Amino acid sequence: GQSLEQPSEVTAVEGAIVQINCTYQTSGFYGLSWYQQHDGGAPTFLSYNALDGLEETGRFSSFLSRSDSYGYLLLQELQMKDSASYFCAVRDRRTYKYIFGTGTRLKVLA
Amino acid sequence: GAVVSQHPSWVICKSGTSVKIECRSLDFQATTMFWYRQFPKQSLMLMATSNEGSKATYEQGVEKDKFLINHASLTLSTLTVTSAHPEDSSFYICSARGSHYRVWNQPQHFGDGTRLSIL
């Protein structure tokens with residue numbers, strides 16, 4: 001089966017850089033996605049890595065290394081509004097199901 | 001593109017009531033829709049996958065008679081929580097995949113979710 005592990009909580013200050021890791025055990029998947037979810041809201045898509053390497057989208061970057069079964073989301077120039085939960089997700093190659101990580105709650109302090 | 005609309009956004013009702021949640025794809029034909037449930041401070045858990053015109057496939061542990069899913073058209077899927085009880089209170093989120101998705105390596109987009117509170 002699939003399992004995607006993330007740290008449960010990360011705290012950082014405004015303006016800082018934070019990295020949220022996603023380690024996984026899976027037999028195969030199509031790509032690694034990242035979502036942001038504010039309290040009471042639905043997940044919103046942030047970034048996607050189809051291939052190994054770094055993808056940059058503004059202040060957010062995402063990295064994937066299939067050989068290391070590891071990926072991360074990098075948030076730069078943190079702002080208060082970045083306080084939210086962040087989830088990694090993959091689509092299983094065999095079942096086509098979209099599986100979410102355990103989630104990381106990011107707290108940005110002034 | 002890939003806009004998914006969910007209705008209602010919030011439901012409060014008495015125990016024993018049946019509640020219907022709609023998920024619509026607004027700018028594409030959704031051949032497959034996914035229903036998720038999320039309890040507070042937890043991750044999203046896949047409940048079922050529905051393909052247009054066929055029966056839904058439920059995940060292990062999800063009662064098909066409790067959570068009725070209908071995907072009768074290419075733009076609409078409904079989830080009905082039958083005889084809802086307080087333990088069914090949760091955040092329900094749908095997602096849709098279109099026939100224009102030629103390959104599976106595409107991220108998934110979600111509706112705004114429905115917060116269900118059973119008293």
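The values are calculated or read from the model by the stated rules, or taken from the named source; none is laboratory data. Since the structure is predicted, the reported quantities are computational estimates derived from the model, not experimental observations. Reconstructed Cβ throughout: ideal geometry from the backbone, glycine too, with neighbour counts over all protein chains shown. Keep in mind that these areas ignore ligands, DNA and RNA; they rest on the heavy atoms of the full protein, side chains included. Shrake-Rupley method; radii C 1.70, N 1.55, O 1.52, S 1.80 Å.
Quick look at the numbers
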item: Vicinal HN-Hα couplings computed from phi for region B:16-21 (Karplus, 6.51 cos²θ - 1.76 cosθ + 1.60; Hz; Gly/Pro x); result: x, 7, 9, 10, 10, 10
item: J(HN,Hα) series, region B:39-56, from Karplus relation 6.51 cos²θ - 1.76 cosθ + 1.60, nearest Hz, glycine and proline x; result: 8, x, 6, 10, 7, 7, 10, 5, 9, 6, 10, 10, 10, 4, x, 9, 6, 6
item: In the B-A interface, the accessible area buried, summed over both sides, Å² (probe 1.4 Å); result: 1700 Å²
item: Long-range HN-HN contacts of A:SER83 with modeled amide H, under 5 Å; result: A:VAL108
item: Apportionment of accessible area to carbon and sulfur, chain B, percent (1.4 Å); result: 50 percent
item: Among B:THR78, B:THR32, B:THR57, residue whose mean-square fluctuation peaks in a GNM of chain B (springs only between Cα atoms under 10 Å); result: B:THR57
item: For A:SER47, distant residues with modelled amide H under 5 Å away; result: A:TRP34
item: Percent RCO, i.e. relative contact order, over region A:32-110, from Cα pairs under 8 Å lying at least 6 residues apart; result: 27 percent
item: Drop in accessible area of at least 20 Å² in the complex versus isolated chain, residues of region A:16-34, 1.4 Å probe; result: A:TYR30
item: Nitroxide proxy distance, nm - points 7 Å out along Cα→Cβ at A:GLN76 and B:SER18; result: 5.4 nm
item: Length-normalised contact order for chain B - Cα pairs under 8 Å, 6+ apart - percent; result: 37 percent
item: Accessible solvent surface per residue of chain B, calculated while the other protein chains remain in place, 1.4 angstrom probe, Å²; result: 50 Å²
